[in-house]
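Shown next, in structure tokens, is the structure this report addresses.
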Amino acid sequence: MLSIEHGPDAIRMTGRLDATEAARAQSALDTTAGRVTLDCSGLEYLSSAGLGVLLKTHKRLLAAQGGLRLTGVSRHLQDILSYSGFDQILEVEAAR
Amino acid sequence: MSDGRSFQRELAALPEIFAFTAAAYERHRLAPELRPSVDLVIEELFTNMVKYGAGRSPVNISIMSLPAGVEVTMIEPDADYFDVTTPPPVDITRPAADRQPGQLGLHLIPRFVDAIDYAYSPAERIGRITFRKSAGAGSAGGSTSC
């Protein structure tokens, strides 16, 4: 289950971003523009379907001189981002 | 000790699969830190079967407790041969504009298991994937065999 909250400074995703939640996450991120911060501090799980959502969003934002920034990224999510090369594409800030 | 169950070959089965793994982890008191990696590998393998598999028969998933970890076996009936341990290479150094999300799932799998095996029975048209993950092992550096 994935919860998505639109805050004033960031979009916060909580729960699991898997293949069954990817379309809903994509719809939420499709409404964003500019430099977008995604608070991942409550994101427990991310699969390649979720990576696809992040990539599609980042490419769309990049095309308009924006981009996607991830904050509060757990060790496990950092591993996934690193092994997929996404840590070189996205701005990633680890959880404290 | 092991748990096993069959799941309809559709993405909508994923929540049931995750509930199944959660219950197995609790029942067998498996190291909870293994579950995100195990769920990730199961999801990537299962979605690959759903998207690209020719058959419609349910996929069986079993989870067995090991002394220091877990072994998962996924059995795909009505399967064509496809060795998931040797996926096409993915260039993860390309810039964002040139990147496509496809094939990342199979690329990630070896990074999150200690070992993964693929076996195929042409006579029965059954594919069998077994992977192991142990507590304390790093995410990377799995071995593969076929």
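Can you tell me which residue within region A:22-55, out of those that are out of contact with any His (no Cβ under 9 Å at 6 or more places or on another chain) and within 8 Å of another protein chain (Cβ to nearest Cβ), is surrounded by the most Cβ atoms within 10 Å (Cβ to Cβ)? Step by step, filter region A:22-55, then rank; the result is A:Ser47.
Determine, yes or no, whether B:Gln100 is of a type outside the set (Val, Ile, Thr), free of Cβ contacts under 8 Å to residues at least 24 places away in the same chain and either within 14 Å of chain A (Cβ to nearest Cβ) or over 18 Å from A:Arg16 (Cβ atoms) (or both). Considered against the rule, which asks whether it is of a type outside the set (Val, Ile, Thr), free of Cβ contacts under 8 Å to residues at least 24 places away in the same chain and either within 14 Å of chain A (Cβ to nearest Cβ) or over 18 Å from A:Arg16 (Cβ atoms) (or both), B:Gln100 comes out as yes. Within region A:56-96, the set of residues being β-branched (Val, Ile, Thr) and more than 7 Å from chain B (Cβ to nearest Cβ) comprises A:Thr57, A:Thr71, A:Val73, A:Val92.
Just to be sure, is A:Thr14 in contact with a strand residue (DSSP E or B) (Cβ under 9 Å, 6 or more places away or on another chain), more than 9 Å from chain B (Cβ to nearest Cβ) and closer than 24 Å to B:Ala19 by Cβ? The answer is yes for A:Thr14.
Only the coordinates and a few stated rules stand behind these numbers; no lab work does. Remember, it's a predicted structure, so these values are computed and weren't measured experimentally. No Cβ is skipped: glycine too gets one built from the backbone with ideal geometry, and neighbour counts run over all protein chains shown.
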